[in-house]
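Before any comments, here is the structure.
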Amino acid sequence: MKSVALHNLGCKVNGYEMDVMQQMLQECGYKIVPFDEAADIYIVNTCTVTNIADRKSRQMLHRAKKRNPDAVVVAVGCYVQTAENAAKQDDAIDLAIGNNRKKDLISILEEYLNKRESSETVIDINHTDEYEEMTLTRTAEHTRAYIKIQDGCNQFCSYCIIPYARGRVRSRREEDILREVRGIVAAGYQEIVLTGIHISSYGVDRGGSQLLELLSKLHEIDGLMRIRLGSLEPRIVTEEFVEHLSAMPKICPHFHLSLQSGCDTVLNRMNRHYTSGEYFRTTEILRKYYPNPAITTDVIVGFPGETEEEFGMTQQFVQKVRFYEMHIFKYSKRKGTRAAQMDGQLTEAEKSRRSAILAEAEKQMSHAYRASLIGSDAEVLFEEKKEIGGKTYWIGHTPQYVKAAIEADLSRNLGNQIIRGKITGFLEEDIMVLK
């Protein structure tokens with residue numbers, strides 16, 4: 001029995017695909033071992049979103065080869081897709097497998113193990129309309145499963161390499177998604193998170209958005225209690241869209257709307273397809289149909305040419321929206337994108353300063369949102385036990401993805417149970433108390 005060590009880099013889509021690859025390996029008799037142990041085969045699911053991500057991918061591959069020079073080191077995914085020649089010429093990499101070939105991992109790997117060579121393992125991702133079908137039956141998490149519904153992106157933001165790494169939008173067949181979710185629910189999972197490279201585009205390759213239709217069918221699945229949406233494009237959040245969503249109680253009132261900047265001139269340079277005013281209207285629509293929705297976002301600071309005045313507009317805008325959480329990224333050059341060639345590249349010190357300012361704002365807004373839940377009823381899906389202040393608590397999440405805790409009763413196992421109660425205060429800065 002050959003041993004395999006796995007390491008995943010990057011986004012939730014990569015995480016889903018790595019879970020499926022691990023599942024396939026186990027079903028074929030491979031023994032999974034920790035990445036920091038000696039193994040016969042090392043597989044790194046790579047990321048290429050920034051130059052730093054490329055470097056981390058190479059570092060993990062080289063670390064694997066150094067740990068066991070006789071091992072087969074396999075590079076999989078986005079780095080391979082955008083740097084095929086470099087990957088194939090790297091002495092630390094024995095086998096390079098691009099996107100849309102992860103489903104063929106076993107056959108490609110076994111062909112290599114038998115012949116010490118392989119056939120074509122990287123396709124032209126920009127000229128395929130095939131969705132790579134992979135099905136997950138179990139996951140490392142015990143209460144929540146990520147479900148991939150589409151791949152690829154047609155947006156071409158000026159800072160982003162992903163359309164070149166993942167190709168154009170390709171939507172998964174509805175029947176395959178429903179079959180996978182029914183299987184996951186039968187295995188005991190109560191919550192799913194829909195993920196993809198650009199889930200708002202689900203169905204556009206087949207004539208128009210089909211996300212609402214998919215959601216309505218998922219909502220009918222018995223035993224599925226929660227449906228959580230991954231990152232949404234602001235433009236999809238129309239009055240009609242939210243009205244339909246709000247009629248489906250299984251949809252969690254937790255919406256991640258990617259912002260990137262609160263300044264219109266920066267949004268234009270980023271090639272984002274909305275204005276700050278349009279974005280703000282989407283948040284007002286959400287708050288019209290949901291009493292206190294959790295709205296989260298991504299923000300890039302220090303984009304090329306971002307002036308102090310432009311950054312100030314972003315500061316003001318995020319305070320106006322009142323986000324529950326913000327994921328703040330310092331702009332990082334990515335070779336091959338338009339932004340990497342733009343004038344006005346900011347220093348790391350300036351990007352760090354601006355990041356720290358927004359991080360402090362995020363901390364205050366996040367606390368204010370959690371505090372706003374005190375006194376309200378909540379349903380918490382419990383996931384794990386944790387020792388806090390000498391006591392044992394069950395920890396889980398509300399539909400808004402706020403952590404909440406209840407003191408453990410040794411006679412009850414609350415794992416994967418949904419308990420209703422009232423939020424009474426803070427246990428820790430990021431954990432509320434349920435009574």
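May I ask you to compute the full-extension gain from Asp124 to Lys435, defined as 0.36 nm times their residue separation minus their alpha-carbon distance, rounded to one decimal in nm?
On the way: separation 311, 0.36 × 311 = 111.96 nm, distance 5.51 nm.
Extra length available between Asp124 and Lys435 comes to 106.5 nm.
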_Just to confirm the filter: which trypsin sites (Lys or Arg not before Pro) across the stretch 162-206 are DSSP coil and have at most 14 other Cβ within 10 angstrom of their Cβ?_
Arg173
*Return, for the Cα atoms of the stretch 69-140, the radius of gyration and Dmax in Å, separated by a comma.*
12.9, 38
_Cα centroid of the stretch 375-421 to Cα centroid of the stretch 115-180, whole Å_ = 34
_What's the ranking of 343-356, 283-296 by average number of surrounding C-beta atoms within 10 Å, highest first?_
283-296, 343-356
*Plugging the Kirkwood radius over Cα pairs into Stokes-Einstein for the stretch 1-83, at a temperature of 20 °C and a viscosity of 1.002 mPa s, what D comes out in µm²/s?*
168
*Rounded to the nearest 500 deg cm²/dmol, what is the calculated helix-only ellipticity per residue at 222 nm for the chain, with -39500 (n - 2.57) per DSSP H run of length n ≥ 4?*
-10500 deg cm²/dmol
*asked:* Please compute the length gained on full extension between Glu308 and Arg287, using 0.36 nm multiplied by the number of residues separating them and subtracting their Cα-Cα distance.
replied: 4.5 nm
*Treating cross-link reach as a plain straight distance, find the lysines whose alpha-carbon is under 25 Å from the alpha-carbon of Lys391, omitting any fewer than eight places away in the same chain.*
Lys403, Lys422, Lys435
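Given +1 on the Cβ of Lys and Arg, -1 on the Cβ of Asp and Glu, and no further charges, what dipole in debye does the stretch 280-435 carry about its Cα centre, rounded to the nearest 20? Kindly include the intermediate steps, with their values, before the conclusion.
Working: 23 positive and 22 negative charges, 66 e Å.
Using Cβ point charges on Lys, Arg, Asp and Glu, the stretch 280-435 gives about 320 debye.
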*FRET efficiency, 1/(1 + (r/R0)^6) with R0 30 Å, evaluated for Ile374 and Arg412 via beta carbons*: 0.75
*Please compute the net charge surrounding Cys47, taking Lys and Arg as +1 and Asp and Glu as -1 over other residues with Cβ under 13 Å from its Cβ.*
+4
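State to the nearest 20 debye the size of the charge dipole of the stretch 98-210 about its Cα centre, where the only charges are +1 on K and R beta carbons and -1 on D and E beta carbons. Please list the in-between numbers first.
Working: 16 positive and 18 negative charges, 50 e Å.
Result for the stretch 98-210 is approximately 240 debye, rounded to the nearest 20.
How high is the relative contact order of the chain, given as a whole-number percent (alpha carbon pairs under 8 Å, six or more residues apart)? Mind dumping the intermediate values first?
Numbers: 854 pairs, mean separation 43.4, N = 435.
Relative contact order of the chain: 10 percent.
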_Built amide H within the under 5 Å cut-off of Phe329, gap 5+_ = Val299, Ile300, Val301
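Rounded to the nearest 0.05, what FRET efficiency is calculated for Asn268 and Ala38 with R0 set to 60 Å and r the Cβ-Cβ distance? Let's see the in-between values first.
Numbers: r = 52 Å, r/R0 = 0.87.
Calculated value: 0.70.
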*When all protein chains stay in place, what accessible area (Å², nearest 10, 1.4 Å probe) is found for Asp176?*
20
*What's the FRET efficiency of Arg420 with Glu239 using the Cβ-Cβ distance as r and R₀ = 30 Å, to the nearest 0.05?*
0.45
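Compute the length gained on full extension between Asn114 and Glu220: take 0.36 nm times their separation in residues and subtract their Cα-Cα distance, giving the result in nm to one decimal.
Details: separation 106, 0.36 × 106 = 38.16 nm, distance 4.68 nm.
Full extension of this stretch gives 33.5 nm more.
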*Kindly provide the Kirkwood hydrodynamic radius of the chain in Å, to one decimal, from all pairs of distinct alpha carbon atoms.*
23.3
*Provide the convex hull volume over Cα atoms per residue for the stretch 190-273, in Å³.*
107
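Using a 1.4 angstrom probe, figure out how much accessible area the stretch 1-142 has per residue, in square angstrom, rounded to the nearest whole. Walk me through the numbers on the way to the answer.
Numbers: 6570 Å² over 142 residues.
Normalised by residue count, the accessible surface of the stretch 1-142 is 46 Å².
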_Charge dipole of the stretch 348-399 about the Cα centre (unit charges at C-beta), most positive-ward option of Ser355, Tyr393, Ser376_ = Ser355
_With the crude spin-label approximation of a point 7 Å out along Cα→Cβ, what separation in nm comes out for Thr275 versus Asp104?_
4.8
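The values are calculated or read from the model by the stated rules, or taken from the named source; none is laboratory data. Since the structure is predicted, the reported quantities are computational estimates derived from the model, not experimental observations. We place every Cβ from the backbone using ideal geometry, glycine too, and count neighbours over all the protein chains shown. These area figures cover heavy atoms from the full protein model, side chains too; ligands, DNA and RNA do not enter into them. Shrake-Rupley method; radii C 1.70, N 1.55, O 1.52, S 1.80 Å.
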